[in-house]
Each structure stands twice: as structure tokens, then as C-alpha cells.
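The values are calculated or read from the model by the stated rules, or taken from the named source; none is laboratory data. These numbers were taken from a predicted model, which means no experiment stands behind them. Here the Cβ positions follow ideal geometry from the backbone for every residue, glycine too, while neighbour counts run over all protein chains shown. Only protein heavy atoms, including side chains, enter the accessible area calculation; ligands, DNA and RNA are left aside. Shrake-Rupley method; radii C 1.70, N 1.55, O 1.52, S 1.80 Å.
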Amino acid sequence: QVQLIESGGGLVQAGGSLSLSCAASGLTFSSYAMAWFRQAPGKEREFVAAINSWNSGSTWYADSVKGRCGISRDNAKNMVYLSMNSLKPEDTAVYYCAVVLRFGSNPLVDGKFDYWGQGTQVTVSS
């Protein structure tokens, strides 16, 4: 079955950086765009970023993280990454990666997502 395992979260000071990883298995990884979401306590899940199926593929970012995050992938390793810098306390959330089963033009707008790991906690201290 499809499995996604997120890792790399932790505690970081405001203004600091973290890099998250997502290991995928059980699918033809290079055939799918991938996305990152986050969910803070008491809030709805929020789209963060997505990358198209190929290495160095097109990327999309939520306005809240644009300029501070970079999504990338390594199809040889079935890995997708999210680098984050200039972190803010409001970035505190559980971060999840997801498979983009399909999308039209912009996964932020019209993506269909499935498969979720346990998530990795990112906590940004003020």
C-alpha cells in the first residue's frame, strides 16, 4: 500500500530553519505531484506547497510561506522535501506530505490529494 513517512520536525527558534523529509513507497513516485500541508491545533489543514512529478518540477506555494519555503524532490530516492527558513511562531503545526492524485492547473486550487503519513511536528519558539 501507499505509505508516506514524514520526518525532520523539531523545535526551532523564530527566524531559524528546518528541513522536512517525506519518504514515499507503494506507488510510482515519479508519476505524481507531491504536496505538503500543515495543521495547527484548533485550525483546519492548510496547503503549504506542491511540486510536479519530475525532479525540478513546477512548484506552487501558499502565500503564507512564499519566499520562505522551498519544496523539492528526488525521484531516485522516492523523497520529497520541504525546506523552511525565517520561521515564525505561526508556522508551528504538524506537517504532512500528500500525494497529488491529479490537478488541473494549480494544486492549490484544484488538486485532489490522498494518502497521509503521521506527520512531523514543527514548533517555532518566539
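Scanning for something modelled with pLDDT of 95 or more, surrounded by fewer than 16 Cβ atoms within 10 Å (Cβ to Cβ), touching a Ser or Thr at 6+ places or on another chain (Cβ under 6 Å) and not charged (D, E, K, R), does the stretch 108-120 turn up at least one residue? The answer is no, given that none of the residues of the stretch 108-120 is modelled with pLDDT of 95 or more, surrounded by fewer than 16 Cβ atoms within 10 Å (Cβ to Cβ), touching a Ser or Thr at 6+ places or on another chain (Cβ under 6 Å) and not charged (D, E, K, R). Counting residues that are of a type in the set (Val, Ile, Thr), which strands (runs of 3 or more DSSP E) fully inside the stretch 55-113 reach at least 2? It comes to 93-102. The set of residues in the stretch 10-21 that are open to solvent by 30 Å² or more (accessible area, probe 1.4 Å) and assigned to a loop (DSSP other than H, G, I, E, B) comprises Ala14, Gly15, Ser17. When you look at Asp91, is it open to solvent by 40 Å² or more (accessible area, probe 1.4 Å) and among the acidic types (Asp, Glu), yes or no? Considered against the rule, which asks whether it is open to solvent by 40 Å² or more (accessible area, probe 1.4 Å) and among the acidic types (Asp, Glu), Asp91 comes out as no. Number of residues in the stretch 22-51 that are part of a loop (DSSP other than H, G, I, E, B), under 17 Å from Tyr115 (Cβ atoms) and under 15 Å from the mean Cα position of the chain (by Cα) equals 2.
Would you check if there is a residue in the stretch 71-78 being modelled with pLDDT of 95 or more, touching a Lys or Arg at 6+ places or on another chain (Cβ under 9 Å) and either closer than 22 Å to Ala14 by Cα or open to solvent by 30 Å² or more (accessible area, probe 1.4 Å) (or both)? Don't jump to the end; show me each part of the working.
Initial filter on the stretch 71-78 (modelled with pLDDT of 95 or more): 71-78.
This time we only want the ones that are touching a Lys or Arg at 6+ places or on another chain (Cβ under 9 Å), so: none.
So far as the stretch 71-78 goes, no, none of its residues is modelled with pLDDT of 95 or more, touching a Lys or Arg at 6+ places or on another chain (Cβ under 9 Å) and either closer than 22 Å to Ala14 by Cα or open to solvent by 30 Å² or more (accessible area, probe 1.4 Å) (or both).
Checking each residue in the stretch 22-50 for being over 24 Å from Thr92 (Cα atoms), surrounded by fewer than 18 Cβ atoms within 10 Å (Cβ to Cβ) and in contact (Cβ under 8 Å) with a residue 40 or more places away in the chain picks out Ser25, Leu27, Ser30.
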